[in-house]
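Step one of this worksheet: look at the structure below.
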Amino acid sequence: MKKTLILALSGLFLATSMPAMAQTYRSDVRQYRQNERIDRGHHTGRISPREAARLDRQQRRIERVERRARHYNNGRIDPRSAEQIRRMQNKANRDIRRANRW
């Protein structure tokens, strides 16, 4: 009986925490990849130090918006904030791509 209760509670915990973990994983990986592209472009000379600083500021703004959204929604991101973050990341992606061109 005790084992069944523990298994049921742990299963319930995992089921409720998985969507939050998946959401964090996706946005964190995208932020990481964008930061890597900025660093790579800066090290190869395709992005000037000034442009790299501007792109880094843009990434920090995205992280700040995500942090605030999580703070006000008990660690989760609501659909409206998720859409805003996605749009900001799309714009950052375009800016990085433009900056990396010769």
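Just one of Q84, Q89, Q59 is part of a helix (DSSP H, G or I), in contact with a Lys or Arg (Cβ under 6 Å, 6 or more places away or on another chain) and within 19 Å of R26 (Cβ to Cβ); which is it? Exactly one of Q84, Q89, Q59 is part of a helix (DSSP H, G or I), in contact with a Lys or Arg (Cβ under 6 Å, 6 or more places away or on another chain) and within 19 Å of R26 (Cβ to Cβ), namely Q89. Of all residues in the range 58-76, those being surrounded by fewer than 16 Cβ atoms within 10 Å (Cβ to Cβ) and closer than 16 Å to R98 by Cβ number 0. Within the range 74-102, residues that are more than 14 Å from Q59 (Cβ to Cβ) have Cβ atoms under 8 Å from residues that are basic (K, R) and surrounded by 12 or more Cβ atoms within 10 Å (Cβ to Cβ) in these pairs: R76/R70; I77/R70; N100/R37; N100/R46; R101/R46; W102/R46, counting only partners at least 6 apart in sequence or on another chain. Can you confirm whether the range 77-95 contains a residue that is at negative phi, surrounded by fewer than 16 Cβ atoms within 10 Å (Cβ to Cβ) and of a type in the set (D, E)? Yes, the range 77-95 contains at least one residue that is at negative phi, surrounded by fewer than 16 Cβ atoms within 10 Å (Cβ to Cβ) and of a type in the set (D, E).
Scanning the range 27-76 for residues being within 14 Å of the chain's Cα centre (by Cα) and at positive phi gives a total of 1. Are any of the residues in the range 42-53 surrounded by 12 or more Cβ atoms within 10 Å (Cβ to Cβ), basic (K, R) and part of a loop (DSSP other than H, G, I, E, B)? Yes; the residues of the range 42-53 include at least one that is surrounded by 12 or more Cβ atoms within 10 Å (Cβ to Cβ), basic (K, R) and part of a loop (DSSP other than H, G, I, E, B).
We did not get these values from a lab; they are worked out from the coordinates using the rules stated. None of these values were measured; they are calculated from a predicted model. Reconstructed Cβ throughout: ideal geometry from the backbone, glycine too, with neighbour counts over all protein chains shown.
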